[in-house]
Amino acid sequence: MKRMLVSAIALVGLFVAFYLTLYKMGYIVQLTCSIDGCERVNSSKWATFLGLPVAVWGMGFYLVTFVIAYMGTLRRWARDSRISTVLLLLTGFGVLYSAWLTYLELYVIHAICQYCVVSAILVTVMFVISLLDWRDSRKWNSHQEI
């Protein structure tokens, strides 16, 4: 159940990142934001990493997270603790990267993008759920060894 929830949240994150990617690539002329700052954040020099828009990296992150979490719901891997460990590490990295981007928004760019905030919340929720799944998988595996 936890892995299915992570995969569903990753799918939502994928759509958020896809929307921002469309903006960055020029397919959307202006972001629809309820707060002032999305344009400033997404047109800053920090909106690109290693030559690609950060939103594209976000799409990759959410897609990989979705695939791994969904695979973990299949019977073959349902009890595999390695899936839980990979999800924990992956979402943990996502939390750290989101924290870095949030720092940049607050203290360097001096603007907030609501979509970035939503993404940071999504990745944090996925991390917490992945942590609970990892803890449960360790309990299950320790019972199997007895």
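The values are calculated or read from the model by the stated rules, or taken from the named source; none is laboratory data. On a predicted model such as this, the values are computed, not experimentally measured, just so you know. Positions of Cβ are backbone-derived with ideal geometry, glycine not excepted, and every protein chain shown enters the neighbour counts. Remember, those area values only see protein heavy atoms, side chains included, never the ligands or the DNA or RNA. Shrake-Rupley method; radii C 1.70, N 1.55, O 1.52, S 1.80 Å.
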- Task: Would you please name the residue that is farthest from LEU104 (Cα to Cα), looking only at residues in the stretch 48-57 that are hydrophobic (A, V, I, L, M, F, W, C) and open to solvent by less than 70 Å² (accessible area, probe 1.4 Å)?
- Result: VAL56
- Task: Run down LEU101, LEU63, LEU89 and say which single residue is without any contact (Cβ under 8 Å) to a residue 24 or more places away in the chain and of a type outside the set (Ser, Thr, Tyr).
- Result: LEU89
- Within the stretch 125-140, restricting to residues that are open to solvent by less than 60 Å² (accessible area, probe 1.4 Å) and of a type outside the set (A, V, I, L, M, F, W, C), the one that is nearest to the chain's Cα centre (by Cα) is SER130
- Near pairs, Cβ below 7 angstrom, 6+ apart or cross-chain, from the stretch 1-28 (not in a helix (DSSP H, G or I)) to any residue that is not hydroxyl-bearing (Ser, Thr, Tyr): ILE28/LEU22
- Note on the structure: Residue hits (the stretch 1-11; at pLDDT 95 or above and surrounded by 15 or more Cβ atoms within 10 Å (Cβ to Cβ)) are LEU5, VAL6, SER7, ILE9, ALA10, LEU11
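Quick grid of which residues meet (1) within 29 Å of ASP136 (Cα to Cα); (2) touching a Phe, Trp or Tyr at 6+ places or on another chain (Cβ under 7 Å); (3) open to solvent by less than 70 Å² (accessible area, probe 1.4 Å); (4) aromatic (Phe, Trp, Tyr):
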{"site": "THR32", "(1), (2), (3), (4)": "no, no, no, no"}
{"site": "GLY37", "(1), (2), (3), (4)": "no, no, yes, no"}
{"site": "MET59", "(1), (2), (3), (4)": "yes, yes, yes, no"}
{"site": "MET71", "(1), (2), (3), (4)": "yes, yes, yes, no"}
{"site": "ARG75", "(1), (2), (3), (4)": "yes, no, no, no"}
{"site": "THR85", "(1), (2), (3), (4)": "yes, yes, yes, no"}
{"site": "GLN114", "(1), (2), (3), (4)": "no, no, yes, no"}
- Message: I'm trying to understand the selection: among the residues of the stretch 103-112, which are open to solvent by 60 Å² or more (accessible area, probe 1.4 Å) and not in a helix (DSSP H, G or I)?
- Response: HIS110
- Have a look at LEU31, LEU52 and point out the one that is touching a residue at least 60 places away in the same chain (Cβ under 8 Å), of a type outside the set (Gly, Ala, Ser) and over 30 Å from LEU74 (Cβ atoms). LEU31
- Query: Filter the stretch 36-65 for residues that are among the hydroxyl-bearing types (Ser, Thr, Tyr) and in a helix (DSSP H, G or I); which is farthest from ALA17 (Cα to Cα)?
  - Reply: THR65
